[in-house]
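As structure tokens, the structure follows; a few thoughts come after it.
Please treat every number below as a calculation from the coordinates, not as lab data. Small disclaimer: the values here were computed from a predicted structure and weren't measured. Methodologically, a virtual Cβ is constructed for each residue, glycine included, from the backbone with ideal geometry; neighbour enumeration extends over all protein chains shown.
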Amino acid sequence: MRPQDPQSPARQIRRGNRGGAVASLSLAIAVSLAGCATKPTDPDALAEYNQTNDPLEPTNRTFYNVSTTLDRYTLKPVAKAYVWAVPAPVRTGAHNLLSNINSPVVFFNDVAEAKPRRAGDTFMRFVINSTVGVAGIFDVATGWGWPAHTASGNLTLGSWGIPQGPYLFVPLVGPSSFRGVAGTGIDIGVNPLNYVPRGYGLLTLNWSLYGLNIVDARAQVLDQLDAITKDALDPYATIRSLYRQHTQAELDALENDHRATVPNWYSDSSDQGQTHPPAVAAPAKPIPVRVRP
């Protein structure tokens, strides 16, 4: 299965009404503190400031520093203990299970992005992995020709031509943008688990899944974030750059998936034995990042 990119926490599974409340509250705080973002007066610095599209940078950096401190003493130790105590096959199964549970959200966004073949892939993955894959613990569908792909409210809005907007660092969530926060709200709104009657057992299950998702997402990026913190001259700018490049690459891959709605099972004899994979997006143009020598 195609691994989830560690530098895009916004595309990770967002579950539960409390998660939506945190994202909405964080956005409200960022907007209310917009006055703290003072533009530089130097022309060169001003040009660079405008290019990054980060008018809330002082506030974002404050949120980044707070989140980094909280992560260092809470989530990171838990994630390291999870990796140490839980065997890799079990962690892989847990990750697959979480991805399978998120399939309805991916399917909705596939349809909203007007990509019926991708929606069909998601549907087949959900059916196969939920049955043969034992509730999604085993990713059987990838081996059978239905690999995983990314779909989210953020990408859906991007496919509709809505720009990312200013960069945001959402406390305890990670890098995002105005469009990314709105997309997270869409993902929460279309998640069927949020509309199931809330008994004690289901509430416990939902909180357990939510906690497992947080720990799983953090465990997936332990080495990457450690490398950024150690090697990057400005970790905040590095994460911002990686987030934007990854989001644009995902959007390019989505827009370049021009597969026919119905597979061409009755090809000409000259095409027999040939495969026609979907177009692959060109890598996003890299943004220069200063790194310590």
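Sorting the segments 187-196, 222-231, 122-131 by their mean number of nearby beta carbons within 10 angstrom, highest to lowest, gives 122-131, 187-196, 222-231. Peptides 132-138, 244-250 ranked from most to least packed by the mean count of surrounding Cβ atoms within 10 Å: 244-250, 132-138. Across q = 0.20 Å⁻¹, segment 123-171 modelled as identical point scatterers on its alpha-carbon atoms has Debye log10 I(q)/I(0) values of -0.70, in the order of the q list.
Overall form of segment 163-262: oblate. Here a/c, set by the Cα gyration tensor axes a ≥ b ≥ c, is 1.5 or more, and a/b is not larger than b/c.
Descending by average beta-carbon neighbour count within 10 Å, the peptides 153-165, 200-212, 59-71, 172-184 line up as 172-184, 153-165, 59-71, 200-212, the highest first. Within the shell defined by Cβ-Cβ distances under 11 Å, the residues around Thr156 carry a net charge of -1, with Lys and Arg each +1 and Asp and Glu each -1.
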